[in-house]
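The values are calculated or read from the model by the stated rules, or taken from the named source; none is laboratory data. As the structure is a prediction and not an experimental result, all values here were calculated from the model. We place every Cβ from the backbone using ideal geometry, glycine too, and count neighbours over all the protein chains shown.
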Amino acid sequence: MWTLYQTASATHSRPSDLLCVEDRLAAYLFDSAVTTFGRVIENAVQEEVNNGSPTQPKWERKYTLLQLLSQDFKLPYDRPKKKPTEFGNFAAHGIAQILAAAEQGTRGIRRWEYKPDEP
């Protein structure tokens with residue numbers, strides 16, 4: 001996935017176009033996954049820690065690219081202090097956050113369910 005992200009970035013292409021994904025929804029979801037993965041790796045590889053003293057800092061990379069791309073490696077995640085069901089909390093993200101907002105009766109968000117016509 002890292003190679004695909006780099007190739008797509010270098011050629012200014014969508015990852016789904018490089019792999020000929022024809023379904024528009026699948027292409028969008030695939031592009032989102034590859035882009036998110038690539039940005040997380042890029043940001044993590046730039047992270048630095050001070051291994052020196054406050055008066056004589058010695059900044060070093062926190063992670064190596066090889067470490068980040070290892071199958072067993074997991075980035076640490078600091079959980080937000082809010083309850084996961086609260087609207088606006090990062091723990092309740094994506095569609096779960098939208099549905100939680102709809103359940104709270106937030107203005108402008110409506111929950112829609114498809115019900116087929118009865119015969």
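Considering region 5-119, the qualifying helices (runs of 4 or more DSSP H), each wholly inside and each with 1 or more residues that are of a type in the set (Gly, Ala, Ser) and modelled with pLDDT under 90, run over 24-46, 95-103. Could you please find all residues in region 17-42 being within 21 Å of Trp2 (Cα to Cα) and exposed (fewer than 11 other Cβ atoms within 10 Å of the Cβ)? Matches in region 17-42: Cys20 only.
When you check Gln46 against the structure, is it within 26 Å of Gln71 (Cα to Cα), out of contact with any Ser or Thr (no Cβ under 6 Å at 6 or more places or on another chain) and surrounded by fewer than 11 Cβ atoms within 10 Å (Cβ to Cβ), yes or no? Taking the combined requirement at face value, the residue satisfies it.
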